[in-house]
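These notes are about the structure you will find just below.
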Amino acid sequence: MEHLIQGIVRDAEHLKDKYTDQKDIPVNYVCIFCQSEKEEINFLEEAHKIGKIIQETPSGSLFKISIDTIAGKLQLLKIRKPDLSRPERGDADFTVSDYFSFKEKYLKETGFSLTKREGFEMIELYEKDNNVRVYFSFPPLDKQFNLT
């Protein structure tokens with residue numbers, strides 16, 4: 001499980017660095033996209049070994065964990081239920097120091113899109129045929145769950 005998480009963070013950081021000037025910013029959340037029900041059962045079992053569930057959502061379980069990654073300490077892991085709209089391996093969410101300047105600079109660029117939810121919003125970075133997606137949330141998810 002930890003190897004998979006580290007790979008998602010590494011690949012997401014590479015994608016982030018390819019399209020933004022936001023180098024060396026911390027990761028605050030990783031989601032593993034399950035590709036089958038069998039995979040979901042296995043990943044949930046493994047996630048229980050490294051953390052505890054802090055929220056159940058319609059799309060999957062959110063765990064509080066503690067893993068050191070190349071992009072800092074990771075405290076949030078989601079195991080996402082199988083979803084045909086998510087063929088990638090997963091996503092990582094990074095914390096930018098000035099979200100609104102970042103939003104103004106990158107939202108007009110190819111590959112970036114905005115999603116608004118109740119109480120927060122996030123910018124997605126998507127590259128066709130990439131194995132991961134990258135998000136930048138405001139407020140960051142670790143702050144939403146009072147982990148910082």
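What the table shows:
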quantity: Residue that is modelled with the lowest pLDDT, among those in segment 123-148 that are of a type in the set (Ser, Thr, Tyr) and in contact with an Asp or Glu (Cβ under 6 Å, 6 or more places away or on another chain); calculated: 148
quantity: Selection from segment 66-87 of residues that are surrounded by 19 or more Cβ atoms within 10 Å (Cβ to Cβ) and free of Cβ contacts under 8 Å to residues at least 60 places away in the same chain; calculated: 78, 79, 80
quantity: Conditions (1) among the β-branched types (Val, Ile, Thr); (2) in contact with a helix residue (DSSP H, G or I) (Cβ under 8 Å, 6 or more places away or on another chain); (3) in a loop (DSSP other than H, G, I, E, B); number of the one not met by residue 110; calculated: (2)
quantity: Within segment 12-51, tally of residues that are in a loop (DSSP other than H, G, I, E, B) and aliphatic (A, V, I, L, M); calculated: 1
quantity: Single unsatisfied condition, residue 142 versus (1) within 22 Å of residue 10 (Cα to Cα); (2) assigned to a helix (DSSP H, G or I); (3) out of contact with any Ser or Thr (no Cβ under 8 Å at 6 or more places or on another chain); calculated: (3)
quantity: Residue that is surrounded by the fewest Cβ atoms within 10 Å (Cβ to Cβ), among those in segment 1-52 that are more than 15 Å from the chain's Cα centre (by Cα), over 23 Å from residue 104 (Cβ atoms) and among the β-branched types (Val, Ile, Thr); calculated: 41
quantity: Hey, residue 96 under 12 Å from residue 27 (Cα atoms), within 14 Å of the chain's Cα centre (by Cα), assigned to a loop (DSSP other than H, G, I, E, B) and touching a residue at least 40 places away in the same chain (Cβ under 8 Å) or not; calculated: yes
quantity: Residues of segment 106-148 that turn out to be in contact (Cβ under 8 Å) with a residue 24 or more places away in the chain, of a type in the set (Asp, Glu) and more than 24 Å from residue 63 (Cα to Cα), as a count; calculated: 2
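The values are calculated or read from the model by the stated rules, or taken from the named source; none is laboratory data. Since we're looking at a predicted model, the values are computed, not measured. Glycine also receives a Cβ, built like all others from the backbone with ideal geometry; neighbour counts cover every protein chain displayed.
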